[in-house]
1. Pairs only if they're at least six apart or on different chains, beta carbon under 7 angstrom, first in region 91-111 and over 10 Å from N50 (Cβ atoms), second open to solvent by 90 Å² or more (accessible area, probe 1.4 Å) and near the ligand (Cβ under 10 Å from one of its atoms); list them, first residue then second.
2. Please determine, by comparing only the residues of region 309-356 that are open to solvent by 30 Å² or more (accessible area, probe 1.4 Å) and of a type in the set (D, E), which one is nearest to A296 (Cα to Cα).
3. Search region 152-177 for residues that are among the acidic types (D, E) and pair each with any residue that is in a loop (DSSP other than H, G, I, E, B) and more than 7 Å from the ligand (Cβ to nearest atom) when their beta-carbon atoms are under 9 Å apart and the residues are at least 6 apart or on different chains.
4. Identify, from the list L100, L84, L111, the residue that is among the aliphatic types (A, V, I, L, M) and touching a Pro at 6+ places or on another chain (Cβ under 9 Å).
5. Which ranges mark the helices (runs of 4 or more DSSP H) fully within region 27-140 that have 1 or more residues being away from the ligand (no atom under 14 Å from the Cβ) and of a type in the set (S, T, N, Q)?
6. Can you tell me which residues in region 141-172 are within 10 Å of the ligand (Cβ to nearest atom), under 15 Å from Y360 (Cα atoms) and out of contact with any Phe, Trp or Tyr (no Cβ under 6 Å at 6 or more places or on another chain)?
7. Please give the number of the condition I362 fails out of (1) in contact with an Asp or Glu (Cβ under 7 Å, 6 or more places away or on another chain); (2) within 16 Å of the ligand (Cβ to nearest atom); (3) under 29 Å from S83 (Cα atoms).
8. Check region 380-390 and report whether any residue there is assigned to a loop (DSSP other than H, G, I, E, B), more than 28 Å from F222 (Cα to Cα) and open to solvent by less than 10 Å² (accessible area, probe 1.4 Å).
Amino acid sequence: MDIDVLILGAGAAGLMCAIEAGKRGRRVLVLEHSERVGKKILISGGGRCNFTNLYSNPKNFLSKNEHFCKSALSRFTPADFISLIEKYRIEHYEKKLGQLFCKVSAKQITLLLSQECHEARAKILFHSKIVRVQKLSAGFEVETNQGKYQAHSLVVATGGLSFPKIGATDLGYRIAQQFNIEVHEPQPALVPLLWNAEDLQRFQELSGISLPVQVSCHGQVFKENLLFTHRGLSGPAILQISSYWNCGESVIIDLLPDIDIQTWLIEKKKRKEKGELKNLLSGFFPKRFAQAWCEAFAPSRPLKSFSIPQLESIAHQLHHWEIFPAATEGYGKAEVTKGGIDTHELSSQTLESKKVPNLYFIGEVVDVTGHLGGHNFQWAWASGFVSGQVV
Ligand code: FDA
């Protein structure tokens, strides 16, 4: 088979690039080491795939170069992906905050992508183990367990390191290193955080409790739910902030973001109301939480016995609970990988390497990481789309 474009990885980005390049009449071969397309799509969004976000914009992305993602995101928007979804009559709904999910199954998205590939005559070769990648005088050669393939353009769409159990590998980063292309250290992101030893003792019994909170780190703020796990903290608020957190740093949790608890507590004291602190706090939190929190920070006694400065300090602690997580849960639980191919090495218009003509890096392998809520797929679609116009 004569090939114009070789794509490594049949995930969201690789398939979108294959479809677009195929539509232009390019002869495309996708090399995928597993046995099927889009394994991450299938497990995403609890099996319903949060395939985009209505409000996706460059502010929803982390990167050393915050401007890099703008071009691709503006040329392939959430509305463009929704048109594709509607073409296939895939029923979908907005869960919250612009997050669009399939009503029935994420499998509908992989079927859509496979069908579009088929129509664009893009071929996919499964069980392809990549042995070697080589630059030729014109184009590239990829050696696999199934033979050698040559093409004019090579697109690396092998994703990040998250979820190794479904086939994530470091191939993309290794190819970058082979061609002297800078890589920012990959790290787990959108990932639960683990308690340090002291907090584990104090709070592990709270596993299962969920609270609406506001979390912050490095000036980034998210107002969402937090979930206590038996090892630490999870839930959308924590997953979001984990992308900004570095080991050794703290995260600030506002347990009552919509309430001026200081005024409330002082008013109660002034009115000489009866009741213990933990019982009063149970009006805002599950009882188990109010009790554990009081044991940790303000041993419970009648409210009226606290001085005003003590109540001010309790209120401060409720609005500024500073935690020092020990670590993240790692790649086994991380939804994405932050870091990756340095965007200064790539054209923001095409995702082509500036050093190595006709070599492209797209999707999660690039140092562009979305917030939770459909933004990572939107980046995969958009970067796949723009590269597909030129490969
Ligand atoms: P992706 O990882 O999808 O694809 C890479 C492909 O390359 C895979 O098919 C892989 O098998 C293949 N590959 C890897 N190494 C290879 C090698 N050495 N040789 C050959 N092939 C190789 N995002 C979102 O927007 N909404 C959501 O709901 C979710 N939910 C979610 C849940 C879970 C559990 C995870 C782990 C992730 C998400 N995400 C998400 C993130 C989203 O899945 C992710 O950002 C995109 O799939 C990235 O698309 P890529 O195509 O870049 O990589």
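1. So the pair list comes out as S105/R48.
2. Filtering region 309-356 for residues that are open to solvent by 30 Å² or more (accessible area, probe 1.4 Å) and of a type in the set (D, E), the one nearest to A296 (Cα to Cα) comes out as E322.
3. Note: pairs meeting the criteria are D170/L161.
4. Working: L84 fails: touching a Pro at 6+ places or on another chain (Cβ under 9 Å); L111 fails: touching a Pro at 6+ places or on another chain (Cβ under 9 Å).
Step by step, each of L100, L84, L111 is checked, and only L100 is among the aliphatic types (A, V, I, L, M) and touching a Pro at 6+ places or on another chain (Cβ under 9 Å).
5. Of the helices (runs of 4 or more DSSP H) lying wholly inside region 27-140, those with at least 1 residues that are away from the ligand (no atom under 14 Å from the Cβ) and of a type in the set (S, T, N, Q) span 70-75, 78-87, 107-119.
6. A157, T158, G159, L171, G172
7. (1)
8. no
The values are calculated or read from the model by the stated rules, or taken from the named source; none is laboratory data. None of the values given here were measured: they were computed from a predicted structure. No Cβ is skipped: glycine too gets one built from the backbone with ideal geometry, and neighbour counts run over all protein chains shown. Note: accessible area is taken over every heavy atom of the protein model, side chains too, but ligands, DNA and RNA are not part of it. Shrake-Rupley method; radii C 1.70, N 1.55, O 1.52, S 1.80 Å.
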